[in-house]
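As structure tokens, the structure follows; a few thoughts come after it.
Each value in this text was obtained by applying a stated rule to the coordinates, not by laboratory testing. Keep in mind that this is a model prediction, so the values were computed, not measured. All Cβ positions, glycine included, derive from the backbone under ideal geometry; neighbour counts span all protein chains shown.
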Amino acid sequence: MHVNLQNILRKKHLIQGAFFTSVFFYVNSIEFFMCYINLFHQYTLVLKMTILKAITPAILLLLLSSPIFAKSFYMAKKDATGIYLAHQEAFYSGCDYYAVQKKLIPLRESCGYVTRKSERRASRIEWEHIVSMWHVGHQLQCWQNGGRRNCRKVSEKFRQMEADLHNLVPTIGELNGDRSNYQHGMIEGEMRRYGENIDNEVDFKGRTFEPRPEVRGNIARIYFYFRAKYGFNLSRQQTQLFKAWSKSDPVDDWERERNLSIQAIQGDSNFFVGDSDDYIEGLACTPTLKYCYQMNSCQQANFYLNQCGRTRMDGDKDGIPCESICR
């Protein structure tokens, strides 16, 4: 019996030893395996980062050049809101406005604005295209094949024009709606539909909107910018009117500040607002600009004569183009 007990105890110790040895090797194997997994993970992470660093510039270039990455009108309105933080004044009316979360609210009592018809739109600020997208679209083929929605879908040029910050201004929604896609122009008489202090007129039958004198030059320079950059067509009558507006309402400090802010975001300047170097840098040989009446300055006329070959602008061949503006 004593011998059997000793054998049993010996076997017990052997079993325990084998068990703990197995556990020891198992734990060490797990630790080794985890260490291996960790090293493998670090190696693959480094490999992934190396590959990513190599291909990231190409990916970014692809994304930035893709139409889906292009700035939209919705994004442009957000940028415009930030630009006007230092100058919260509605463009057409001159009313102050303030922000409540994402909404912009006009202080109509600050300028004496009187609602003509739509209280809902008169109580908010909207973003107005000075150069109407309706007029822009009607000079593009995409509009004929499906209107604004189709142009947004198929035309990168239209998307760029729609989101161009130089063309966006804050205005009371009712004025934005009444202006609609009407041409900017002069209207006889002073109806003062929006209050005695609001010098904006609208001729619904003649489809014309007259802005207050303080912003007429700003409007003219935006039209000239659109013509120079995008080849937007202006009639002889419009050109003459906008030249007069630009002269009677010269560039002011806020217009310069706005132009610089847009340039910092968008990357280009309205060279009709900036200095002469900006102006020359921004000029391009637009095919539709062929005649002296389309020129906004002697500087522009000289550029088109010497850089674009518009020899008909120098009828007497004396090297001076468009003598009506260059004498």
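Rounded, prolate or oblate: which fits region 70-282 when a ≥ b ≥ c are the square roots of the eigenvalues of the alpha-carbon gyration tensor, with rounded for a/c under 1.5 and prolate only if a/b beats b/c?
Rounded is the answer for region 70-282, as its axis ratio a/c remains below 1.5.
Taking amide H atoms as placed 1.01 Å from N in the peptide plane, list the residues 5 or more away in sequence, or in a different chain, whose amide H sits under 5 Å from that of residue 201.
Correct list: 210.
Within 14 Å, Cβ to Cβ, of residue 243, how many net charges do the neighbouring residues add up to if Lys/Arg are +1 and Asp/Glu are -1?
+4
So what's the net charge close to residue 295: Lys and Arg +1, Asp and Glu -1, counting the other residues with Cβ under 11 Å from its Cβ?
Net charge in that neighbourhood comes out at +4.
Working out 0.36 nm times the residue gap between residue 311 and residue 260, then minus their Cα-Cα distance, what length gain in nm do you get to one decimal?
Between residue 311 and residue 260, full extension yields an extra 14.9 nm.
If amide hydrogens are placed 1.01 Å from N in the peptide plane, which non-local residues have theirs closer than 5 Å to the one on residue 91?
Long-range HN contacts for residue 91: 171, 172.
Given N residues in region 83-180, what is its alpha carbon radius of gyration divided by 2.2 N^0.38 Å?
After normalising by residue count via 2.2 N^0.38 Å, the value is 1.22.
Where does each of 298-304, 88-94 land if you order them by average Cβ count within 10 Å, highest first?
So the order, starting with the most tightly packed, is 88-94, 298-304.
With each label point set 7 Å from Cα along the Cα-Cβ vector, what nm distance links residue 98 and residue 244?
For residue 98 paired with residue 244, the spin-label model returns 4.1 nm.
Around residue 135, what is the net charge, scoring Lys/Arg as +1 and Asp/Glu as -1 over all other residues with Cβ under 13 Å from its Cβ?
Within the 13 Å Cβ shell, the charges total +3.
Over 22 Å between C-alpha atoms is what I'm after, so list which of 117/205; 243/290; 71/117 land there.
Numbers: 117/205 17 Å; 243/290 17 Å; 71/117 34 Å.
Going by Cα-Cα distance, 71/117 fall outside the 22 Å limit.
In nm, what is the difference between 0.36 nm times the number of residues separating residue 252 and residue 118 and their Cα-Cα distance?
Roughly 45.0 nm would be gained on extension.
Give me the one-decimal nm value for the distance between modelled label points at residue 186 and residue 109, 7 Å along each residue's Cα-to-Cβ direction.
Between residue 186 and residue 109, the simple spin-label model gives 3.8 nm.
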